[in-house]
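Bear in mind that the values in this text are calculations on the coordinates, not laboratory data. Since the structure is predicted, the reported quantities are computational estimates derived from the model, not experimental observations. Quick reminder, even Gly has a Cβ in these numbers, built from the backbone with ideal geometry, and neighbours come from all protein chains shown.
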């Protein structure tokens, strides 16, 4: 480097623009913002101002602090110190959150997509701009129009079906939707685009650039974050470079160049890499640890053998099959298949939070599990031996032994990663698999890490290393370049260079459909359609068998008799459906129906006013459960299990043994009839129609959104607490109706009457085609599933099977359907944010 | 000093349950005056049955991801019936009885584990369904019962005393000691905690995740099965709904004892105190002459209150950024 960071800042300052907080026309500004995570300073007095109609290009290496600064800017993260200014006014840090940012017109398009995959494109637009919704059954049409227009105004003709579920669309289309959704918000003042073109082809990216320039001319401020430096220079007015949590450089885009930016970001490490290759050569007869063959190497036309003592890089565009190979190698064995491996293996993931650390453990325990993981369960653990074994690695890892007893999460990302590396080494593995291990790690830790890799190789181990940073491959002896799931090129020794890797990733082999080959959306939806039909087909079959055995079943009277018991289950199942739609399960729903049954058959008869109050109190109890689940992070299972005892206990106290009677007016509510159609059938259809209406209404869309991507909704300013309460109130109302129906038809009550409905309701919801992970519910299917389950009891009686077997058959059916779904592979294929 | 106490309480979360036991017992002694050592053995006996069941529940809860074994009550009831039917009150038939009970425990545990591990059905639904299947078996068994008689050996185990201490209490304490040993001293304890904290991380560290989870479910079913056998000997027979109280109470003893409901961290000592505290609460209510309905309500409230309290404790134990996933891009 010829110029130091400090002198560059001064150079920028000479321009009179570096201290951005002084800008009079700034829309939004950060003033001396500092934020630390543990011992890592993510933002170190960052000052940044964005003028009206200005496009700022923000660049920096991974972990430079860009994402933290942007999260602070849009209220998702609270800074330790410093201020956020909006139109010159300092915002109250205590009150400034995502919702407030939203209101002020600040939008961010995140790197990780924040759409709800289970909702349609139009429904996702609703979540962003709820103000256009009209109280009409056709309210969504407005959003379909909005989505189409927004998309075409930026990208031209995209061919995106706005009525399709987002999860079924390819990632490039999802990225376009994400951008269009944020850019179309009314009152938009600042648009932050974080790697907006990472999945777009050149044509779409160019369209986005034009759109950004056009909007900026009309007064919109834009922050454009990208690793594609040429793109940044094209689109931005001003370029800001961050490094190690600081703003180190800024200048007009037209006065700068890509090499200047690269140098400001941290330079290249060519010199170091040369040092890496100066290692003593590996003997040619080193044992072969890994053999790759078959489709994987079909482009190369020969198998690939990887020998001990080498560092082998897996390069190529993200998602070209590098991770798949690492996981295949982890599972592989010797002597079988296209991917073969000998020796012991260990895996180091760069996704520390999800796949790396054990958050409850100390650093020592996190490392020592490498020794314990593969042992027999009955083997003894010796902490002193663990400590000694770990201590041996503290030197090469540059990990202070005094920190071994502190919690793993107290360490910086880089040190956590070193601990994970130590875990892999302590296991005595011969093959070390590395999945982008330096992601978000600072430069110092990276250097330690490269040194460690060389030591691993020196100990005659094989390191297979996938990285998203092409410069890191300069540390490797050998690089395999991937494209579309195959190895398309192999580089060795001096042939390894960033240019060669980039050239091979983009041009070697033929251009294919991109990395999205795992599963075609059509396939998934075909399986989905089959499972969606299960409850209806099942209902037809069960009903058909019964009608064939006794023709009276198909008469109006027969239907009335058969369906009457089904009404309760339909109502309880619909209640359960709304809870399951939020990724939760209500274990007390049956008991609650029983309690309402008791209250309405006793208190409501003797003291109507007090009874009504008690029923309202029950609903309030449901709302309170939602509040507690949200506010105290209580698992819904435990909450509702505890509540089930409360409901049952109250019922037992009011009425210790079955009895009571129905209020005179209650049966009239459930016993009307239209034109000879059996009443239970009408009731079931009405309940189903109501559930469908709620689900299709705006509130239903929000509830489904919370079921799949609560963080995204919270960022959009939706209140998780309010909608949890709404969800539980809806569920409580359906369950309460079931209890009232029990009273009306039985003319009596029994607190235990509802208990058996809990499992049945879950079974009905699952059979009906809802997904247990939440966000996907199917009211019509649930109704059909509930009726089917209810009829199965009658069918078993028809077939002469004792009622003892009801539970067995119903439970078996539930497990069979869930198991089948797993086997067929119909589960959510979309990526849920962890 | 206070900081050290706080640290101790944070790392030994069972301390709260132990304190609760002491306070409640002291209150009972003062208020009733007649609450003697004798009544304490009664409490300890009830707690021992709960403890055996709760230790199994604790292992399943430790596997994480909200796993709970809801089939426990059905296993307890069915095992009680099988004990009555197969043993017929004869010591000679005990080996066969034991074999049947081990069979029930292993089959239930393996089926639950198969549904959870292989078919990837959420544990709560898998065990709910298997519990219903067992309920069917229990209904059938109920028709086979010809007479209620208890084998002498079983009666000695369930109601006998050794040096003034009920044998069942010794069994419970022994089971807890064994579980504590497994959790803290063996590789399995480490593997189980790893799986409970982060399943992907455990898998990539080389832990045999499926085996680890399977062992927990089988242990839970086996312990419930043993509890059912002893319970039938204690009660002098078997009846439907016999195991029902153990659904909420087993979960309650685990969370009261300070094990994390989210998995990954559990304490057998805590579960001892959790079981004791819960039984003491119930005993207190019985002494106070509360009707069964009120007792249910109080139990439900206690569990929810403890969870509300522990929810915050969990929040302090793990940084918010980690829990919410908001810090994914944080360096």
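If one computes the Cα centroid of region A:118-180 and of region A:46-104, what distance in Å separates the two points?
The distance from the Cα centre of region A:118-180 to that of region A:46-104 comes to 27 Å.
Taking region A:71-148 on its own, what percent of its Cα-Cα pair distances exceed 21 Å?
On the way: 1309 of 3003 pairs.
Tail of the P(r) past 21 Å holds 44 percent of the pairs.
Taking the Cβ-Cβ separation of residue B:102 and residue A:344 as r and a Förster radius of 30 Å, what is the calculated FRET efficiency to the nearest 0.05? Can you show the working numbers first?
Values: r = 35 Å, r/R0 = 1.18.
Calculated transfer efficiency: 0.25.
Along each of its three principal axes, how wide is the spread of alpha-carbon positions in region A:624-680, in whole angstrom units, largest first?
Principal extents (Cα only, largest first): 51, 30, 16 Å.
What's the FRET efficiency of residue B:65 with residue A:526 using the Cβ-Cβ distance as r and R₀ = 22 Å, to the nearest 0.05?
Efficiency at R0 = 22 Å is approximately 0.15.
Taking R0 as 30 Å, what FRET efficiency do you get between residue A:198 and residue B:120 from their Cβ-Cβ distance, rounded to the nearest 0.05?
FRET efficiency, residue A:198 to residue B:120: 0.45.
From zero outward in steps of 10 Å, how is the percent of C-alpha pairs of region A:281-416 spread across the bins?
Percent of pairs per bin, in order: 9, 30, 31, 23, 6, 0.
Would you kindly work out the equivalent ellipsoid of the protein assembly as shown from its C-alpha gyration tensor and give its semi-axes, the square roots of five times the eigenvalues, largest first in whole Å?
That gives 54, 38, 29 Å for the three semi-axes.
If each residue of separation counts as 0.36 nm, what is the full-extension length gain between residue A:623 and residue A:163 once their alpha-carbon separation is subtracted?
Using 0.36 nm per residue and subtracting the Cα-Cα distance, I get 162.3 nm.
Label point 7 Å out from residue A:721 along Cα-to-Cβ: which residues of region A:83-105 have amide N under 20 Å?
Inside the label zone: A:92-103.
Using only alpha carbon pairs under 8 Å that are at least six residues apart, calculate the relative contact order of region B:13-313 and give it in whole percent. Show your work: numbers first, answer last.
Numbers: 520 pairs, mean separation 107.9, N = 301.
That works out to 36 percent.
What distance in nm separates the two pseudo spin-label positions at residue B:142 and residue A:387, each 7 Å out from Cα along the beta-carbon direction?
Here the answer is 5.8 nm between the modelled labels.
Once you have the alpha carbon radius of gyration of region A:539-824, what is it after dividing by 2.2 N^0.38 Å, with N set to its residue count?
Compared with the compact-globule rule of thumb, region A:539-824 sits at 0.99.
Please provide three numbers in whole Å: the alpha-carbon extents of region B:50-107 along the principal axes, with the largest listed first.
Projected onto its principal axes, the Cα set of region B:50-107 covers 43, 17, 16 Å.
For region A:355-437, restrict the atom set to alpha-carbon positions and state the Rg and Dmax in Å.
Answer for region A:355-437, Rg first and Dmax second: 12.1, 34 Å.
Over the Cα atoms of region B:107-236, Rg to Rh with Kirkwood Rh, two decimal places?
Using only Cα positions, Rg/Rh for region B:107-236 is 1.06.
Rg and Dmax of region B:176-258 over Cα atoms: what are they, in angstrom?
15.9, 50
Let me have the 222 nm mean residue ellipticity of chain B computed from DSSP H runs of 4+ only, each contributing -39500 (n - 2.57), with the sum over all residues rounded to the nearest 500.
That calculation yields -24500 deg cm²/dmol at 222 nm.
Debye calculation, C-alpha points only, no solvent: report log10 I(q)/I(0) for region B:111-173 at q = 0.16, 0.20, 0.21, 0.27 Å⁻¹, in the same order as the q values.
Each listed q maps to, in turn, -0.80, -0.81, -0.81, -0.97.
Taking the beta-carbon count within 10 Å as an exposure proxy, list A:672, B:25 from fewest neighbours to most.
Details: A:672 10, B:25 19.
The most exposed by this proxy come first: A:672, B:25.
Could you give the distance between the Cα centres of region A:426-496 and region A:674-722, to the whole Å?
50 Å
When 1/r is averaged over all different Cα pairs and the result inverted, which Kirkwood radius in Å belongs to region A:161-248?
After inverting the mean inverse Cα-Cα distance, the result is 14.2 Å.
Take peptide B:299-309, look around each residue's Cβ out to 10 angstrom, count Cβ atoms belonging to other protein chains, and average those counts.
6
Could you tell me whether region A:698-834 comes out rounded, prolate or oblate from its Cα gyration tensor? Rule is a ≥ b ≥ c as square roots of the eigenvalues, rounded for a/c under 1.5, then prolate if a/b exceeds b/c, otherwise oblate. Spell out each step's value before the answer.
Numbers: a/c = 3.11, a/b = 1.42, b/c = 2.19.
Verdict is oblate for region A:698-834.
Can you tell which of B:22, B:256, B:101 shows the greatest fluctuation in a Gaussian network model of chain B with Cα springs below 10 Å?
Comparing B:22, B:256, B:101 in a Gaussian network model of chain B, the most mobile one is B:22.
Most exposed first by the Cβ proxy, i.e. fewest other Cβ within 10 Å, how do A:670, A:610, A:224 rank?
Listed from fewest to most nearby Cβ atoms, that is A:610, A:670, A:224.
If I model a spin label as a point 7 Å beyond the Cα along the Cα-Cβ vector, how far apart are those points for residue B:309 and residue A:132 in nm?
Rounded to a tenth, the inter-label distance reads 5.2 nm.
When Cβ neighbours within 10 Å are restricted to other protein chains, what is their mean count per residue of peptide B:254-265?
2
Using a 10 Å cut-off around each Cβ of peptide A:355-365, what is the average number of partner chain Cβ atoms that fall inside?
5
Helix-derived [θ] at 222 nm for chain A: sum -39500 (n - 2.57) over DSSP H runs of at least 4, divide by residue count, nearest 500? Mind showing how you got there, number by number?
Working: 30 runs with 408 residues, N = 834.
My calculation for chain A gives -15500 deg cm²/dmol from helical runs alone.
Which of A:252, A:227 comes first, and how do the rest follow, when ranked by fewest Cβ neighbours within 10 Å?
A:252, A:227
If the viscosity is 1.002 mPa s and the temperature 20 °C, what translational diffusion coefficient in µm²/s does Stokes-Einstein give for region B:1-115 when Rh comes from Kirkwood over Cα pairs?
120 µm²/s
Would you kindly give the portion of the calculated P(r) for region A:271-507 that falls above 21 Å, as a percent of all Cα pairs?
Cα-Cα pairs of region A:271-507 separated by over 21 Å account for 56 percent.
Could you tell me which of rounded, prolate or oblate describes region B:13-313, using a ≥ b ≥ c as the square roots of the eigenvalues of the alpha-carbon gyration tensor, with rounded for a/c under 1.5 and, failing that, prolate when a/b is larger than b/c and oblate otherwise?
Oblate, since a/c reaches 1.5 and b/c is not below a/b.
Using the basic label-point model (7 angstrom from Cα toward the beta carbon), what is the residue B:32 to residue A:324 distance in nanometres?
6.7 nm
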